[in-house]
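First up is the structure itself, then whatever we jot down about it.
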Amino acid sequence: MEFDISIGKKINGFVEPNVVFDAKVELDSARLKTALASFVILKRWNSNVKCLLVYVVKDVDSALLELANYWIDGVFRLSLEKDETEALLDYVAKCFS
């Protein structure tokens, strides 16, 4: 299980995450399945962790992304066409308030 960013508390040399990010330049079905597998494993260990998926280019069917919403707490696109940077920052801030 690997995440691009993990924010949490350090306990005995290990970070117990509150929020994790998986960042993709291009989000296709294979990359979505890989991210989803990591999120599912993490959620089984600690269901309170917020799992966020951040991408630039979407090359996956929206229906498949919708099905993944059970395990993914937030999906954000950062691009010139649809920049959700502000929404991402607001969501992360709410996770810690």
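Some observations on this one:
- Residue-level analysis places ALA93 among those that are small (Gly, Ala, Ser) and either crowded, with 18+ Cβ neighbours inside 10 Å or over 13 Å from the mean Cα position of the chain (by Cα) (or both).
- When VAL40, VAL56 are screened for being part of a strand (DSSP E or B) and of a type outside the set (S, T, N, Q), only VAL56 passes.
- Pairs where the first residue, in segment 75-97, is within 19 Å of ASP61 (Cα to Cα) and the second is of a type in the set (Gly, Ala, Ser), C-beta under 9 Å, 6+ apart: VAL75/ALA68; PHE76/ALA87; LEU78/ALA23
- Cβ-Cβ contacts under 8 Å between residues 6 or more apart (or on different chains), taken from a first residue in segment 10-25 that is over 20 Å from LEU88 (Cβ atoms) to a second residue that is modelled with pLDDT under 95 and buried (at least 19 other Cβ atoms within 10 Å of the Cβ), are absent.
- Within segment 50-74, residues that are under 28 Å from SER97 (Cα atoms) sit with their Cβ atoms under 9 Å from residues that are assigned to a loop (DSSP other than H, G, I, E, B) and small (Gly, Ala, Ser), at 6+ positions apart or across chains, in these pairs: TYR55/SER79; VAL56/SER79.
The values are calculated or read from the model by the stated rules, or taken from the named source; none is laboratory data. None of these values were measured; they are calculated from a predicted model. When we count neighbours, we look across all protein chains shown, and the Cβ atoms used for this are built from the backbone with ideal geometry, even at glycine.
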